[in-house]
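A quick write-up on the structure given underneath.
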Amino acid sequence: MVDFEKGIVNPGNPAAVRGVMTRAAAGEEVTIGFIGGSITQGSLSSTPETCYAYLVYRWWAEKFPKVRYINAGIGGTTSQFGVARVEEDLLRFRPDVVFIEFSVNDSPTEQFEETYEGLVRCVLASGSAPVLIHNVCYDNGFSAEDVHLRIGKYYDIPCVSMRSTIYQKILSGEIPNRDITPDDLHPNDAGHALVAGVVTRLLDRIREETEAGSHPVSLPPALTRNEYEHSVRYQNHNAAPILAGFVPDPAPQEHITQMFRRGFTAWKAGDSITFEIESTGIAVQYRKSVRKPAPIAKVYVDGVESPVLLDANFREDWGDCLYIDTILTHGELKRRRVEIRIAEAHENDAVPFYLVSVIGSR
């Protein structure tokens with residue numbers, strides 16, 4: 001079967017995680033947190049308790065008396081969104097260990113190496129001990145593991161890989177794809193159990209080792225240009241943009257997976273909304289809908305039209321998508337006017353344009 005030991009692609013410095021185990025063994029309550037995409041959220045597991053995140057939490061709960069579980073996974077999202085939401089969705093609960101999983105949501109590009117580093121730095125700066133989980137697409141081996149692993153090695157963080165373990169058994173034919181995943185991306189219960197097995201083998205190894213060690217108390221210089229570590233999501237509860245046709249969505253957000261909340265909607269061509277934010281980078285987060293037709297918007301930064309179109313018509317059919325378009329990166333740090341204006345609308349539009357947030361990074 002799967003050699004879980006081969007999944008430990010970077011043992012890293014386990015001192016921070018081992019320190020949490022020591023405190024937990026002494027009876028202190030510890031909090032185990034997860035952030036990632038749909039696999040972390042538990043997509044295609046039959047119950048929330050059979051997803052890999054809960055199984056990893058159960059490993060902790062079976063060994064230590066007081067363990068709290070927080071799952072901040074949101075399907076179809078990348079580390080660019082993760083770094084902008086990690087404080088509100090996870091770090092404010094002061095988790096002791098944070099498992100980060102975005103390797104099948106991100107692409108193996110410089111931008112996602114940078115957004116991922118920003119997320120990792122946020123977790124490290126909070127005092128939490130990160131563990132990095134690299135999942136894989138089981139039909140073609142796609143993963144951002146290579147760029148994510150560079151971040152893990154640079155910060156000496158424990159990392160585990162499904163590409164070097166479960167995927168190898170798929171390639172050899174020892175495990176048929178459909179035994180563990182119905183779509184070559186999301187594990188079923190058996191697949192989630194294997195992912196958890198890779199993670200808990202790392203945890204077993206850390207627990208078995210007796211060397212105390214120490215971990216750094218300050219962050220080293222960033223490996224990338226690190227524009228995303230300090231990202232802010234501007235929504236209707238924390239910003240007061242100029243509204244000209246856009247209206248705030250009054251529906252409350254009761255759970256983080258209710259993604260289309262706290263935003264703004266507009267139906268008509270010419271409707272606009274304008275934010276003033278201080279940043280070096282700008283992204284716009286909006287809904288791409290499977291219900292068509294839908295409006296299309298343009299973005300103007302300080303009066304200059306961006307070439308990026310915000311097309312709310314989703315070309316896939318699996319459901320509405322929480323989409324991010326990057327408008328500006330690595331600009332000068334200054335205050336900017338960001339206007340979003342509906343450029344195309346139709347009498348038979350099935351849904352309005354839904355602006356979820358404007359994200360400023362610096």
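For segment 200-294, report the % of Cα-Cα distances exceeding 19 Å. Across segment 200-294, Cα pairs with separations above 19 Å total 65 percent.
Here the Karplus relation 6.51 cos²θ - 1.76 cosθ + 1.60, evaluated at θ = phi - 60°, turns the backbone of segment 181-194 into coupling constants of 8, x, 9, 6, 10, 8, x, 7, 4, 5, x, 4, 5, 5 Hz, with x for every Gly and Pro.
Counting 0.36 nm for each residue step from residue 348 to residue 153 and taking away their Cα separation leaves a gain of 65.0 nm. Relative to the 2.2 N^0.38 Å rule of thumb, segment 252-362 has a C-alpha radius of gyration ratio of 1.06.
Near residue 52: Cβ cut-off under 14 Å, other residues only, Lys/Arg at +1 and Asp/Glu at -1. The net charge is -1. Put a dot 7 Å past the Cα of residue 61, heading toward its Cβ, do the same for residue 1, and the two dots end up 2.2 nm apart.
If a paramagnetic tag sat 7 Å from the Cα of residue 208 along the Cα-Cβ line, which residues of segment 1-39 would have the backbone N under 14 Å from that point? Only 3-8 fall inside the zone, counting backbone N under 14 Å. One decimal place: the segment residue 87-residue 217 gains 44.9 nm when fully extended, by the rule 0.36 nm per residue minus the C-alpha distance. Each residue of segment 278-290 was assigned a 3J(HN,Hα) from its phi angle through the Karplus curve 6.51 cos²θ - 1.76 cosθ + 1.60 (θ = phi - 60°); the sequence is 9, 6, 9, x, 9, 9, 10, 10, 8, 8, 9, 10, 7 Hz, with glycine and proline shown as x. The per residue volume of the convex hull around the alpha-carbon atoms of segment 1-91 is 137 Å³. Distance in nm between label sites at residue 146 and residue 230, each 7 Å beyond Cα in the beta-carbon direction? Once both label points are built, they end up 3.3 nm from each other. The translational diffusion coefficient of segment 154-247, from Stokes-Einstein at 25 °C and 0.890 mPa s with a Kirkwood hydrodynamic radius over alpha carbon pairs, comes to 134 µm²/s. Cross-linked pairs 6/63; 6/288; 268/288; 6/153: Cα-Cα separations exceed 28 Å for 6/288.
Taking the dipole about the Cα centre of segment 1-93, with the C-beta of Lys and Arg at +1 and of Asp and Glu at -1, give me whichever of 86, 55, 32 is farthest to the positive side. Value computed over the given set: 32. In this structure, residue 29 and residue 318 have a Cβ-Cβ separation that, at R0 = 41 Å, corresponds to a calculated FRET efficiency of about 0.60. With only the Cα atoms considered, segment 304-360 has a convex hull volume of 117 Å³ per residue. Per the Kirkwood definition applied to all pairs of different Cα atoms, how many angstroms is the hydrodynamic radius of the chain? Mean inverse Cα-Cα distance, inverted, gives 21.4 Å. Taking amide H positions as placed 1.01 Å from N in the peptide plane, with prolines and chain starts having none, which residues 5 or more places from residue 142, or on another chain, fall under 5 Å of its amide H? Under 5 Å from the amide H of residue 142: 137. Near residue 10, the amide H atoms lying under 5 Å from its own belong to 159; only residues 5 or more places off or on other chains count, and H is placed 1.01 Å from N. Taking amide H as placed 1.01 Å from N in the peptide plane, the amide H of residue 185 sits under 5 Å from that of 138, each at least 5 places away or on another chain. The dipole here belongs to segment 97-156: it is taken about the Cα centre, uses +1 on the Cβ of Lys and Arg and -1 on the Cβ of Asp and Glu, and is about 220 debye. Most fluctuating residue of 338, 351, 304 in a GNM of the chain with Cα springs under 10 Å: which is it? In the Gaussian network model the winner is 304. Measuring spread by the Cα atoms of segment 66-116 yields a radius of gyration and Dmax of 11.9, 40 Å. Stokes-Einstein diffusion of segment 113-173 at 4 °C, 1.567 mPa s viscosity, Kirkwood radius from Cα pairs, rounded to a whole number: 105 µm²/s.
Of all the options 91, 124, 219, the one that moves most in a Gaussian network model of the chain with Cα springs shorter than 10 angstrom is 219.
Could you give the length gained on full extension between residue 329 and residue 22, defined as 0.36 nm per residue of separation minus the Cα-Cα distance, in nm? Provide the component values of the computation, followed by the final result.
Values: separation 307, 0.36 × 307 = 110.52 nm, distance 4.22 nm.
Gain on extension, residue 329 to residue 22, equals 106.3 nm.
Remark: segment 26-147 projects, on average over all directions, an area of 7.6 nm² (convex hull of Cα atoms). Relative to a virtual label point 7 Å from the Cα of residue 362 in the Cα→beta-carbon direction, which members of segment 276-303 show backbone nitrogen distances below 15 Å? Residues 276-283 qualify, since their backbone N sits under 15 Å from the label point. 3J(HN,Hα) couplings calculated from phi for segment 15-29 with the Karplus curve 6.51 cos²θ - 1.76 cosθ + 1.60 (θ = phi - 60°) are, in sequence order, 4, 5, 5, 5, x, 5, 4, 4, 5, 5, 5, 7, x, 6, 6 Hz; Gly and Pro show x.
All of the numbers you see were taken from the coordinates with simple rules; none came from a lab. In this text the structure is predicted, and so the values were computed from the model without any measurement. Note: ideal-geometry Cβ built from the backbone for every residue, glycine included; neighbour counts use all protein chains shown.
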